[in-house]
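**Q** The structure's right below; bear with me while I get my questions together.
The values are calculated or read from the model by the stated rules, or taken from the named source; none is laboratory data. Please read these numbers as outputs of a predicted model, since none were measured by experiment. Because the Cβ atoms are built from the backbone with ideal geometry, glycine has one as well, and the counts that use them run over all protein chains shown. With ligands, DNA and RNA removed, areas are computed over all heavy atoms of the protein, side chains included. Shrake-Rupley method; radii C 1.70, N 1.55, O 1.52, S 1.80 Å.
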Amino acid sequence: MKDKGIDMFGLYKERNQIGFVAIEKAYDIFYIERLSVLPGYRHKGYGKHLMEFVLD
């Protein structure tokens, strides 16, 4: 993904990575390539936090 120019971001809680999002820019459009949150951290707003980060 790095070789393709896709930007990758991790979400951390107390030094542990609990989430991940990857975005790719193609012309004037951005694509979310990957979005994940570890099962133990789902349904707690972390995915929403990642999406808000990407939209900002």
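**Q** About its Cα centre, how strong a charge dipole does the chain have in debye, to the nearest 20, once Lys and Arg get +1 and Asp and Glu get -1 at the Cβ?
**A** 320 debye
**Q** Let me ask something additional. Which residues make up the longest stretch of the chain that has no trypsin sites (Lys or Arg not before Pro) in a DSSP loop with at most 12 other Cβ atoms within 10 Å? Can you show the working numbers first?
**A** Details: sites that count: 2, 4, 15, 44.
Value returned for the longest uninterrupted segment is 16-43.
**Q** Please calculate how many Å² of accessible area the chain carries per residue, with a 1.4 Å probe and no DNA, RNA or ligand atoms counted.
**A** So the chain comes to 85 Å² accessible per residue, rounded to a whole number.
**Q** Mind checking the log10 I(q)/I(0) for the chain at q = 0.18, 0.22, 0.25, 0.30 Å⁻¹? Debye, one equal scatterer per Cα, no solvent, two decimals.
**A** Results for the chain at q = 0.18, 0.22, 0.25, 0.30 Å⁻¹ read -0.60, -0.84, -1.00, -1.25.
**Q** Report, to the nearest whole %, how much of the accessible area of the chain belongs to carbon and sulfur atoms, 1.4 Å probe, protein only.
**A** Values: 2420 of 4740 Å².
Ligands and nucleic acids excluded, carbon and sulfur give 51 percent.
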